[in-house]
Amino acid sequence: MAKDPLHILHLEDDEEDYILIRDLLEDTDQQTYEIDWIPSFEDAKGKIALDGYDICLVDYMLGKYTGLEVLKYIREKNPHLPVIIFTGRGDDNIDIEAMNAGAADYLIKGQIDANILERSIRYAISHSRTLKQLIENEKSLRAAEQFALTGRVAQLIAHEVRNPLTNVKLALQQLQEEIQDKEEEHTSLFELIDRNCNRINQLITDLLDSTRFNQLNYENVSINNILDETVELARDRLELKKIKVQKSYRNDICVVHIDKEKMKIAFLNILINAIEEVPEGDGIIKLITEKRQDKCIAIISDNGKGIDPNALNRIFEPFFTGKKKGLGLGLTTTYNILLSHNGNLKVESEIGKGSSFIITLDFTSNK
Ligand SMILES: Nc1ncnc2c1ncn2[C@@H]1O[C@H](COP(=O)(O)OP(=O)(O)O)[C@@H](O)[C@H]1O
Ligand SMILES: [Mg+2]
């Protein structure tokens, strides 16, 4: 199968040198490249932060800038974009400086051929992807640990609050029995105490339910099927707000080994939030499924208000809500269900544009 082309951002002020690199890359058999050639650093600035490039090739003398200055800028704006520095003449000091500044390689134009260039690009991209993956894994692990801690604190608090709460309720019952001629005011005060005790108790139950790992009843299900059934559960709300649902599924089924009912709750919480956030009449919710190596990915995207960057780190916390009447346990429950399936949940959001919730589960072949 032909490999996807690699996208190269080539910063080079000398057209002949650009052509030299382009021709070398054209000589490579196994890989094709799409090169975006930009002769000036100023013109490149807008492109550097973009997500679409796999690698950046930088000439060491770029107008009045040195490759190291350009490299520093790229590191700040796009830390994961690998950079190879090219120079006309070798210089050991620059070589070391480039390495220390985070360059993936340092190549001398006259000394490279198609093979050397192809290999350098391939290794640079592979190392940067591995590093990115490691950082993501570390982040997920830390988030999961944080969540487990939240669960333990919730259990501790629940235990400590429930005991005195039971005493308050018992005392209340005794008082109600002992006071014979209750006045109306007493009765309403008793009711108020009772109602609030029940409310505290319910909050504790909800908190425990949303953070405690539950017993799972596993079965093999296609991820497309879970999304479809979740949409059916929300059909009334979708129609009421005239929301367009656009599905883009992988045709080859991606089967996951999960507790289907729990997973539907996890997906439904995300979908209901999306429904609540999109504009009336113009709402669009996209459901996407993908298969990447041994993972199944489901993405639920909306064109809602988006999530403030400060809130983004907190939306999985218990009782975090941005709504007047929200409880703030929906995404806590969702995150809990995904973690208990060894899955993951990531959110990308832009104010005014919308949000995407990205669910990752292990792909199952024959469990
Ligand atoms: N798709 C979304 N678009 C914008 N904000 C969202 C979205 N999903 C969740 N949020 C934010 O995250 C908060 C927490 O969500 P959740 O845990 O489901 O609790 P609740 O819906 O009860 O507020 C929401 O109140 C909202 O501010
Ligand atoms: Mg919610």
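Listed here are the residues, each with its yes/no results for (1) touching a residue at least 40 places away in the same chain (Cβ under 8 Å); (2) open to solvent by less than 40 Å² (accessible area, probe 1.4 Å); (3) outside the structural domain of Met263 (by TED's automatic domain parsing).
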| site | (1), (2), (3) |
| --- | --- |
| Ile315 | no, yes, no |
| Phe319 | yes, no, no |
| Lys324 | no, no, no |
| Gly328 | no, yes, no |
| Thr332 | yes, yes, no |
| Asn336 | yes, yes, no |
| His341 | yes, yes, no |
| Glu348 | no, no, no |
| Gly352 | yes, no, no |
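Examine the stretch 54-61 for a residue that is farther than 13 Å from Leu11 by Cα and either in the same structural domain as Glu12 (by TED's automatic domain parsing) or among the small types (Gly, Ala, Ser) (or both), and state whether such a residue exists. Yes; the residues of the stretch 54-61 include at least one that is farther than 13 Å from Leu11 by Cα and either in the same structural domain as Glu12 (by TED's automatic domain parsing) or among the small types (Gly, Ala, Ser) (or both).
Look at (1) more than 9 Å from ligand 1 (Cβ to nearest atom); (2) out of contact with any Asp or Glu (no Cβ under 7 Å at 6 or more places or on another chain); (3) not small (Gly, Ala, Ser) and you find that Phe363 fails only one, number (2).
It is to be established whether one or more residues within the stretch 251-267 are more than 16 Å from ligand 2 (Cβ to nearest atom), among the aromatic types (Phe, Trp, Tyr) and open to solvent by less than 80 Å² (accessible area, probe 1.4 Å). Before you say what the answer is, go through the steps one by one.
Within the stretch 251-267, the subset more than 16 Å from ligand 2 (Cβ to nearest atom) is 251-263.
From what's left, among the aromatic types (Phe, Trp, Tyr): none.
Among the residues of the stretch 251-267, not one is more than 16 Å from ligand 2 (Cβ to nearest atom), among the aromatic types (Phe, Trp, Tyr) and open to solvent by less than 80 Å² (accessible area, probe 1.4 Å), which makes the answer no.
Counting residues in the stretch 229-242 that are under 25 Å from Lys353 (Cβ atoms) and within 12 Å of ligand 1 (Cβ to nearest atom) gives zero.
Exactly one residue among Gly306, Gly326 is closer than 21 Å to Arg237 by Cα, touching a strand residue (DSSP E or B) at 6+ places or on another chain (Cβ under 6 Å) and within 16 Å of ligand 2 (Cβ to nearest atom), and that residue is Gly306.
Just for the stretch 354-367: of the residues that are part of a loop (DSSP other than H, G, I, E, B) and touching a residue at least 24 places away in the same chain (Cβ under 8 Å), which one is most open to solvent (accessible area, probe 1.4 Å)? Before the answer, list the steps.
Taking the stretch 354-367 first, the residues part of a loop (DSSP other than H, G, I, E, B) are 364-367.
Remaining after also requiring touching a residue at least 24 places away in the same chain (Cβ under 8 Å): 364-365, 367.
Values: Thr364: 8, Ser365: 97, Lys367: 160 Å².
Applying the filter and picking the extreme gives Lys367.
Listed by first and then second residue, the pairs with beta-carbon distance under 6 Å, at least 6 apart or on different chains, first residue in the stretch 268-285 and open to solvent by less than 10 Å² (accessible area, probe 1.4 Å), second near ligand 1 (Cβ under 9 Å from one of its atoms) and assigned to a loop (DSSP other than H, G, I, E, B), are Val278/Gly304.
With the requirement that a residue be among the β-branched types (Val, Ile, Thr) and out of contact with any Lys or Arg (no Cβ under 9 Å at 6 or more places or on another chain), what does the stretch 167-199 give you? Full working, then the answer.
Quick first cut of the stretch 167-199, residues among the β-branched types (Val, Ile, Thr) only: 168, 179, 187, 193.
Scanning the stretch 167-199 gives Val168, Ile179, Thr187.
When Gln293 is tested against (1) more than 16 Å from ligand 2 (Cβ to nearest atom); (2) under 17 Å from the mean Cα position of the chain (by Cα); (3) under 19 Å from Leu361 (Cα atoms), only condition (2) is not met.
With respect to being open to solvent by 50 Å² or more (accessible area, probe 1.4 Å) and among the polar types (S, T, N, Q), Ser248 fits the description.
Do the conditions hold for Ser188, that is, is it open to solvent by less than 80 Å² (accessible area, probe 1.4 Å), closer than 30 Å to Lys295 by Cα and of a type in the set (S, T, N, Q)?
no
The values are calculated or read from the model by the stated rules, or taken from the named source; none is laboratory data. None of the values given here were measured: they were computed from a predicted structure. For neighbour counting, all protein chains shown are included, and Cβ atoms are generated from backbone atoms with ideal geometry for every residue, glycine included. When the accessible area is computed, the model is the full protein with side chains, heavy atoms only, and any ligands, DNA or RNA have been set aside. Shrake-Rupley method; radii C 1.70, N 1.55, O 1.52, S 1.80 Å.
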